[in-house]
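Everything on this sheet refers to the single structure shown next.
Read-outs: derived from the displayed coordinates by stated rules, not from any lab. Since the structure is predicted, the reported quantities are computational estimates derived from the model, not experimental observations. No Cβ is skipped: glycine too gets one built from the backbone with ideal geometry, and neighbour counts run over all protein chains shown.
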């Protein structure tokens, strides 16, 4: 018998002799589904339509993804949904017809196709019997617009010419989640798929499922949910990576966009952040290839455990004479035809956080 086994037996004997004198570790009882649903219903904003349906879909998203239905986590999902859609699964978007026509005209102009040719092609009947022109002129929601583009791309040669196989509607549903994200994470989707994952995103259940995954389905060590809210808008780990970029900019004097993108994904070329880090190579005692290997982990939790992360912040802390932030709101301006004001990721995160705080107050 090994020494380790003998020691374990000795400890076991001491525990038996101690008997009831030691207190057992307390384990929190598992909450019943009815209790979790009651909690969700309490946390939802007052006067929303289909309260029970929203409750059920939020519960299903947490349950199927095995996420902790804590007040903080539930309020995070509720706050993002409230900010993005005011709890409307298929919200109307003001001026959407104008936006749609603008996108079509932009694509046509890029391909040097005269407008009258495009307008003529769109007068033909679509699968629902109405012409594409009529449907576009009366479109009210992104779900409707996405369906029009799907029909247009699949049924009309002009659609393939203008858009290929790429529907220009990239986000949707009550949490405005990326359709590409949903398609990439649909393996364990718990519902029967009606048509496509794209269409599921525009439903209440699908939008909540994939939005919850995008918000909470990755590990972080942030000090507060504010930075998750920023990541929801800018991409996983953007707030952590923006802090790294700020530290690199401080050390090198090179101005960097604090956008959380550490490399040019899909390219072998070095981006601005990678080039800036390379100038620190000798001080870090790291080669260009070692730096790139570390930066490629920028979309995972592991980047914060790399030698590159530790060495850069050791230098930055020493240079500044104090500990530098390990999290920071990314400096990204929001770009979308629907946005008419100068909005940023920081603005989005702070707006969601204010709704999150109101949700927490309802828990009391």
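Between residue 223 and residue 72, residue separation times 0.36 nm minus the direct Cα-Cα distance comes to 53.1 nm.
Its convex hull of Cα atoms gives segment 224-364 a direction-averaged projected area, equal to a quarter of the hull surface, of 10.5 nm². Legend: Rg and Dmax of the chain, from Cα coordinates, 25.6, 92 Å. Across segment 133-288, Cα-Cα pairs farther apart than 20 Å form 63% of the total.
Taking 0.36 nm per residue of separation and subtracting the current Cα-Cα distance, fully stretching the chain between residue 155 and residue 290 would add 43.7 nm. Remark: spin-label model distance residue 130-residue 323 equals 5.8 nm, labels positioned 7 Å along the Cα→Cβ axis.
Helix 204-216 sits at what angle to the longest principal axis of the chain, using alpha carbons and giving 0 to 90 degrees rounded to 10? Approximately 40 degrees, to the nearest ten. Taking all Cα-Cα distances within segment 215-307, those exceeding 20 Å account for 33%.
For segment 179-227, what ratio Rg/Rh do Cα atoms give with a Kirkwood hydrodynamic radius? On the Cα set of segment 179-227, Rg over Rh gives 1.05. Angle between the Cα long axis of helix 71-85 and the longest principal axis of the chain, 0 to 90 degrees, nearest 10? Roughly 20 degrees between the two axes. Approximating the spin labels as points 7 Å out from Cα along Cα→Cβ, the residue 347-to-residue 111 distance works out to 3.3 nm. Sorted from longest to shortest, the spans of the Cα atoms of segment 74-124 along the three principal axes equal 50, 22, 15 Å. Of the peptides 345-353, 66-74, the order by per-residue mean of other Cβ atoms within 10 Å, starting with the highest, comes out as 345-353, 66-74. Working from label points 7 Å from Cα in the Cα-to-Cβ sense, the residue 302 to residue 65 distance is 2.3 nm.
The listed peptides 222-232, 49-59, ordered by packing as a protection proxy, come out as 222-232, 49-59 (highest mean of other Cβ atoms within 10 Å first). In the chain, the calculated helix contribution to ellipticity at 222 nm averages -17000 deg cm²/dmol per residue, counting -39,500 (n - 2.57) for every DSSP H run with n ≥ 4.
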